[in-house]
Structures are given as structure tokens and as C-alpha cells.
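Visitor: I'd like to ask some things about the structure below.
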Amino acid sequence: MVKTNIRRNPLKLFVKKLLCVLRGVMDSGINVYISPSAELCNPGNISLGDDVVLESRCRVRANGKSAQITIGAGTTVYPYVLLKTNGGSIEIGEGCSINDYCFLNGFGGIKIGKDVHIAAHTSLIASEHDYSKLGDSSFSRDMKGRGIRIEDSVWIGVNSVILDGVTIGTGSVIGAGAVVTRDIPANSIAVGVPARVIKQRS
């Protein structure tokens with residue numbers, strides 16, 4: 001749990017809680033800030049921990065019957081981020097930052113640990129098309145997804161792409177512009193297209 005020694009104003013906390021309820025987010029912690037320009041889809045399926053910040057023009061779309069988005073305490077979702085479940089789920093741990101223009105497609109499920117920092121313009125795509133059906137009307141409908149898992153204390157550099165089925169181990173760093181197509185072991189530094197491990201963190 002993210003802890004703070006800041007003295008909180010009870011009236012301000014009440015107002016912020018009330019604003020969450022008015023936006024339809026019934027499951028929210030204390031001191032949550034949702035920008036007036038943030039877009040929420042199916043807010044009843046969105047859970048926000050203490051001190052979560054949803055910045056201007058971010059889109060948090062829990063679309064689909066079983067969709068669920070959970071954002072842990074102390075996490076900030078920056079402007080123009082798109083979190084979209086597409087019937088799946090997105091779980092983001094405590095103390096994370098999802099920076100500007102990131103796109104998370106949670107069809108097959110995305111699970112992000114604590115203290116994970118995802119730089120701007122990064123995409124996590126937890127779904128796959130069957131390219132044998134390209135040209136068929138079912139191509140856009142028939143998708144599958146194995147999911148993406150990012151463990152604790154990971155840093156993902158700007159413009160990276162994380163593809164379906166990948167696990168990134170604790171303490172790893174993904175270099176800018178990398179395309180991650182396979183698992184990355186813990187405490188690794190991986191770069192390139194496709195991403196490969198170039199060294200271990202000491």
C-alpha cells in the first residue's frame with residue numbers, strides 16, 4: 001500500500017469522493033482525482049485505489065460484459081492514454097505511471113505489478129488475429145488472447161510495443177522502440193526489434 005504523511009483535508013476528501021460517485025465510479029479510495037475531461041466507459045466496472053490520478057483526456061473504457069479495470073493506489077494515468085478492455089481485464093498495481101498516449105488493449109488480460117513505469121506512446125496488445133482469415137468477414141471478430149504480465153519494478157521505454165503472451169520479469173528495463181515478442185527474464189535489459197536481452201542488471 002502506498003503511504004503518505006501528508007495531512008489530508010476531510011472536506012476536500014469528501015468532495016473528491018463525491019465527484020467519483022457522480023462519475024459512476026462506486027469503488028474508489030480516498031483522494032482520487034478524475035479530470036473533468038477524462039472519459040470513463042462502464043464506470044461501475046472500474047476500481048480506483050487511494051491517490052489515483054486520471055489526467056486530462058485519458059480514456060478508461062471497461063467495455064464488454066465481463067470487463068474490469070483496476071488501478072492501484074498512487075498510480076497516475078497521464079493525458080491521452082487509452083485503457084480499453086475489449087471484454088477482458090486490465091489490472092495496474094500500486095505506484096505506477098502510464099504516460100501520455102499509451103494504449104493498453106486488455107482483450108486477453110493485462111496484469112501490471114507495482115512500481116511499473118511505462119513511457120509515452122507505448123502499446124500493450126493482449127490479443128491476436130488469425131491471419132489465415134484475412135479477407136474473410138470473421139477476421140475482425142475472431143480474436144484470441146493469452147494475456148500480458150508485467151511484474152514489479154519494470155521500466156518500459158518510449159514507443160515500445162509489448163505483444164500478446166509476453167511476461168516481463170521483475171526489475172527489467174525495456175529500451176525505447178523495442179518490440180517485445182517473447183518473455184523477458186527478471187532483472188534484464190532488453191532492446192531492439194524483436195527485443196533481445198543484452199545484459200543483466202547487477
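Quick note: the coordinates plus some simple rules give every number you see, no bench work behind them. Just so we're clear, the structure is a prediction, and the values are computed from it rather than from any experiment. Glycine also receives a Cβ, built like all others from the backbone with ideal geometry; neighbour counts cover every protein chain displayed.
Visitor: Which one of these is crowded, with 17+ Cβ neighbours inside 10 Å, closer than 23 Å to C41 by Cα and of a type in the set (S, T, Y): S123, S172?
Guide: Only one candidate passes the filter, namely S123.
Visitor: For region 187-202, enumerate the residues that are part of a loop (DSSP other than H, G, I, E, B) and either among the acidic types (D, E) or at negative phi (or both). I'd like the intermediate steps shown before the answer.
Guide: Narrowing region 187-202 to residues part of a loop (DSSP other than H, G, I, E, B): 187, 192-195, 201-202.
Matches in region 187-202: V193, P194, A195, R201, S202.
Visitor: Could I ask something else about it? For region 119-154, enumerate the residues that are more than 30 Å from N187 (Cβ to Cβ) and in contact (Cβ under 8 Å) with a residue 24 or more places away in the chain.
Guide: Selection gives M143, K144.
Visitor: A further question on this structure: Looking at region 96-113, is at least one residue part of a loop (DSSP other than H, G, I, E, B), within 18 Å of G169 (Cα to Cα) and basic (K, R)?
Guide: No, region 96-113 contains no residue that is part of a loop (DSSP other than H, G, I, E, B), within 18 Å of G169 (Cα to Cα) and basic (K, R).
Visitor: Okay, next question. Does G157 count as touching a strand residue (DSSP E or B) at 6+ places or on another chain (Cβ under 6 Å), of a type in the set (G, A, S) and either at positive phi or in contact (Cβ under 8 Å) with a residue 60 or more places away in the chain (or both)?
Guide: no
Visitor: I'm trying to understand the selection: among the residues of region 63-80, which are in contact (Cβ under 8 Å) with a residue 24 or more places away in the chain and not hydroxyl-bearing (S, T, Y)?
Guide: N63, G64, A67, I69, I71, G72, A73, G74, V77, P79
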